[in-house]
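The values are calculated or read from the model by the stated rules, or taken from the named source; none is laboratory data. Bear in mind the structure is a predicted one, so any value in this text is a computation, not a measurement. Don't worry about glycine lacking a Cβ; one is built from the backbone with ideal geometry, like all the others, and counts go over all protein chains shown.
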Amino acid sequence: MKNFKRIFCCLVCAFLLVASRNPESPQTWKDDRVDENNFLHPDRTYYPETWFHFIGGNVSKAGITADLEAISAAKISGIQLFHGQFGGPWPSVSPQIACLSEPWDDLIAWTASECKRLHLRFTMQNCPGWSYAGGPWITPSNAMRNLVQSRTDILGGKTVRTNLDKPSPSKEEWRDYKDLFVLAFPTPDGDTGKPLAPATMTPTLPANLPANIAQPTVIQVDFGKETLVRTVEFPSIDSYSHAWVYTPAVHINVFAEVEGVSRKIIDWDMPPANWQDDQPITIPCADTRARYFRVEIVNQHPMHLSGIRFFSAAHQQNYESEAAWTLRRIVRKDFPNQSKQSWLPSGNILNLTGKMDENGMLSWKAPKGHWTILRIGHVNTGLKNGPAPAEATGWEGNKLAKSGVQANFNGYIGRLLNKGAALDGNQLNGILLDSWECKTQTWTAGLDTIFDKKQGYPLLSRIPALFGYVLDQPETTARFLRDWRVTLNDLLVENFFGEMGQIAHQRGLQVSFETASGDSFPGDILEYFKYADVPMCEFWQPAKDSHVGSDEFKPFRPTVSAAHVYGKKRVAAESFTSFSLTWDEQPRFLKTYADHAFANGVSHLVFHTYTHNPRTDFLPPGSSFGSGIGTPFLRLQTWWQHMPYFTDYLARCGYMLERGRPVADVLLYLGDEQNHKPSQSLPFPKGYAYDYCNMDVLLNRLSVQNGQLVTPEGIAYRALWL
């Protein structure tokens, strides 16, 4: 089992600056000199691109031509095509074009030919909708899969013949439930598998709590008799306030009245989570016997609290995050004093898989004592691509095995690229993977064997830790769960993103990824970007302290850092996305947000969004995307004729930003925990800059030259921040 250490935020000088950067280094990027004429008249590649959305069946050849001619006239360099679904047929738009039909294929071919005529770069989102990589070509067995388990408690000392419940969710046929293992172990002390039942809880929950810093909200809990408590469980952090999920600012204290004295048993800051967080958060406490408990909540923002659950069982601290059921910041606090009898010795776990028949009937001569039996399997998560037309909607493909991305490519873009098909003949330039909205994945075929080989010890006897059990001791459990997260990340990086890059390059296509790990998937926030030709982030308008307009919700630094340390010269950004459409947006207003993005390392903008208008007789300003989403870049906008002034400015900025090499003083090492992204407001000296660095870069992409850490592209750093 691999050792790891808690990474503390302290600046440690790794190397002294001995000599300045050498501009003649053989690792210098090519074409890095600035030319005045090229600045005044940038090449078309430096001009922004735009997302281009078909909506439902509302697509026409005349509208495509009118749109693309307007895009070209605005000096936009290319489109990235999506097919989404909002509402139904638009007035006077007939016929309606079904996605994936022959008429749709013809319109894709028309779009490609018009892009070629107008010298527009043509990229497509890798599946219908904007999320993420799936469609009707994905079978349940090749979909994203999650582990599930059911529990049965028995009394041993006899031959037991009992039916083990099929784990849930599994009732629906499309869940495609498959058995994996049956494990048995002596029931840990206090573990009933059920929460405790308080006699009263005042006030009752659920409840909406106002923002309260000076005076905490107090919840009184009475169990009616002295009760042993080892774990307190709170709802998912996203459920408190979606807008503040990355900066929850919620502090929890739990007190127990023991022999007439109020004793604090939990002192806890709720960690940053993610906007798809749907898992509760488990907080352990020392073995505490009391009748009365008091929960005090200090919350900087209004929040919803759906409930609180207490357990006499010991559960691993924040295991939902450590076991990769959700993305939350890993919490490293001293584990409270608990009876070792409440923990599960891994050596006591028995493999009974061969003793259960295909109908779930277990026959086992059980040793004396109380035993817990886990039936463990895996199911289709049920997540689908979208929002897409119904005929183009299906399961999200497996993200941990190459079969998932291969099937998705073959079913959508690969089909269009086939000989004689709509995009045969080098009609397509690139593939985009936009918004990861498919939560997490915890299983793929053969993962137990893969884990054994990668980590050098068997997964089987550690699996109960994935469901919250403390194995041997909390530190041992944490180390295993770290290895588990690393294994899932390695599979995601290589089998999904790596395979996607390879497939694209074999077809002569560039590939661009938006943020996934560290945004909603629990993985390395940098590593997958090494397989992107153009790493991509996003920024929204207007700027806000919370939700999508905040730096914590949609930060630049992870993508920008990945581009720097993995040698990617261009950093693209989905630009000006919004939930606050007012129709008074215009380039002068948008420039402020573009400048902010440029100052933070972005070099290339991709507008969100241009919505395809199938009619050429609409009144200005035209149609919006999803009625209230995005900034409407449209040919009928009153300011569209002035767009070239704006795009000229953006292209000149992009040209300058892609000259030379980025300059940052410090590499901030993220550690080997596969943790959430750091806070974007870390204390750092003004006038200096830093990039993130992961283990892959530290071990495989850095050398020491003249006392500096240097990448193969010649980007140099003076210090390593641990």
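Overview of values
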read-out: Looking only at the stretch 569-589, and only at residues there that are in contact with a helix residue (DSSP H, G or I) (Cβ under 8 Å, 6 or more places away or on another chain), modelled with pLDDT of 95 or more and under 16 Å from Ile629 (Cβ atoms), the one that is surrounded by the most Cβ atoms within 10 Å (Cβ to Cβ); value: Ser575
read-out: Out of Asp176, Asp165, Asp153, sole residue that is charged (D, E, K, R), surrounded by 16 or more Cβ atoms within 10 Å (Cβ to Cβ) and not assigned by TED's automatic domain parsing to the domain that holds Gly430; value: Asp176
read-out: Residues of the stretch 647-672 satisfying the condition of being over 27 Å from Arg588 (Cβ atoms) and charged (D, E, K, R); value: Arg661, Asp665, Asp672
read-out: Scan of the stretch 608-638 for residues that are outside any loop (DSSP other than H, G, I, E, B) and of a type outside the set (Ser, Thr, Tyr), ordered by number; value: His608, Phe625, Ile629
read-out: Tally, over the stretch 694-718, of residues that are within 22 Å of Gln674 (Cα to Cα) and not β-branched (Val, Ile, Thr); value: 8
read-out: The stretch 383-405, residues that are part of a loop (DSSP other than H, G, I, E, B) and farther than 18 Å from Leu107 by Cβ; value: Leu383, Asn385, Pro387, Thr393, Gly394, Asn398, Lys399, Leu400, Ala401
read-out: Spans of strands (runs of 3 or more DSSP E) in the stretch 678-722 with at least 2 residues crowded, with 17+ Cβ neighbours inside 10 Å; value: 690-693, 708-710, 719-721
read-out: Condition met for Lys544 (in the same structural domain as Leu417 (by TED's automatic domain parsing) and either polar (S, T, N, Q) or in contact with a Pro (Cβ under 9 Å, 6 or more places away or on another chain) (or both)); value: no
read-out: The stretch 517-535 residues that are more than 18 Å from Thr440 (Cα to Cα), paired with ones that are polar (S, T, N, Q) (beta carbon under 6 Å, 6 or more apart); value: Ala532/Ser512; Asp533/Gln510; Val534/Ser512; Pro535/Thr559
read-out: The stretch 376-402 residues that are closer than 25 Å to Lys171 by Cβ, paired with ones that are surrounded by 24 or more Cβ atoms within 10 Å (Cβ to Cβ) and basic (Lys, Arg) (beta carbon under 9 Å, 6 or more apart); value: His378/Arg145; Val379/Arg145; Asn380/Arg145; Thr381/Arg145; Asn398/Arg145; Leu400/Arg145
read-out: Residue in the stretch 582-598 that is in a loop (DSSP other than H, G, I, E, B), touching a residue at least 60 places away in the same chain (Cβ under 8 Å) and not hydroxyl-bearing (Ser, Thr, Tyr) present; value: no
read-out: Odd one out for Asp277 among (1) over 30 Å from Gly360 (Cβ atoms); (2) in contact with a strand residue (DSSP E or B) (Cβ under 7 Å, 6 or more places away or on another chain); value: (2)
read-out: Residues that are surrounded by 15 or more Cβ atoms within 10 Å (Cβ to Cβ) and farther than 23 Å from Gly394 by Cβ, drawn from the stretch 87-102; value: Trp90, Val93
read-out: Matching option when the condition is in the same structural domain as Pro522 (by TED's automatic domain parsing) and either surrounded by fewer than 20 Cβ atoms within 10 Å (Cβ to Cβ) or assigned to a strand (DSSP E or B) (or both), among Asn408, Asn426; value: Asn426
read-out: Members of the stretch 259-271 found to be surrounded by fewer than 20 Cβ atoms within 10 Å (Cβ to Cβ) and either in contact with a Ser or Thr (Cβ under 7 Å, 6 or more places away or on another chain) or of a type in the set (D, E, K, R) (or both), listed by number; value: Glu259, Arg263, Lys264, Asp267, Asp269
read-out: Selected residue (only one of Ser141, Ser168 is assigned to a loop (DSSP other than H, G, I, E, B) and either among the small types (Gly, Ala, Ser) or modelled with pLDDT of 95 or more (or both)); value: Ser168
read-out: Subset tally (residues that are hydrophobic (A, V, I, L, M, F, W, C), outside any strand (DSSP E or B) and in contact with a Lys or Arg (Cβ under 7 Å, 6 or more places away or on another chain)) for the stretch 276-322; value: 2
read-out: In the stretch 379-405, residue surrounded by the fewest Cβ atoms within 10 Å (Cβ to Cβ) [restricted to those that are under 23 Å from Asp490 (Cβ atoms) and charged (D, E, K, R)]; value: Lys402
read-out: Count of the stretch 339-354 residues which are closer than 15 Å to Ala314 by Cα, under 34 Å from the mean Cα position of the chain (by Cα) and assigned to a loop (DSSP other than H, G, I, E, B); value: 2
read-out: Residue that is surrounded by the fewest Cβ atoms within 10 Å (Cβ to Cβ), among those in the stretch 444-495 that are polar (S, T, N, Q) and either in contact with a Pro (Cβ under 9 Å, 6 or more places away or on another chain) or more than 19 Å from Pro522 (Cα to Cα) (or both); value: Thr449
read-out: Phe646 being outside any loop (DSSP other than H, G, I, E, B), touching a Leu at 6+ places or on another chain (Cβ under 8 Å), under 24 Å from Gln680 (Cα atoms) and not aliphatic (A, V, I, L, M); value: no
read-out: Qualifying residue in the stretch 623-632 (condition: within 30 Å of Ala273 (Cβ to Cβ), surrounded by fewer than 17 Cβ atoms within 10 Å (Cβ to Cβ) and not aliphatic (A, V, I, L, M)); value: yes
read-out: Any hit, the stretch 674-684, residues being in contact with a His (Cβ under 8 Å, 6 or more places away or on another chain), of a type in the set (A, V, I, L, M, F, W, C), over 30 Å from Ala73 (Cβ atoms) and not assigned by TED's automatic domain parsing to the domain that holds Ala543; value: no
read-out: Test: residue in the stretch 509-525 that is surrounded by fewer than 19 Cβ atoms within 10 Å (Cβ to Cβ), not in a strand (DSSP E or B) and not assigned by TED's automatic domain parsing to the domain that holds Val182; value: no
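Yes or no, residue by residue, for (1) of a type in the set (Val, Ile, Thr); (2) farther than 21 Å from Arg117 by Cβ; (3) surrounded by fewer than 16 Cβ atoms within 10 Å (Cβ to Cβ):
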{"position": "Asp35", "(1), (2), (3)": "no, yes, yes"}
{"position": "Phe39", "(1), (2), (3)": "no, yes, yes"}
{"position": "Asp43", "(1), (2), (3)": "no, no, yes"}
{"position": "Pro48", "(1), (2), (3)": "no, no, no"}
{"position": "Asn58", "(1), (2), (3)": "no, yes, no"}
{"position": "Ala62", "(1), (2), (3)": "no, no, yes"}
{"position": "Leu68", "(1), (2), (3)": "no, no, no"}
{"position": "Ala73", "(1), (2), (3)": "no, no, yes"}
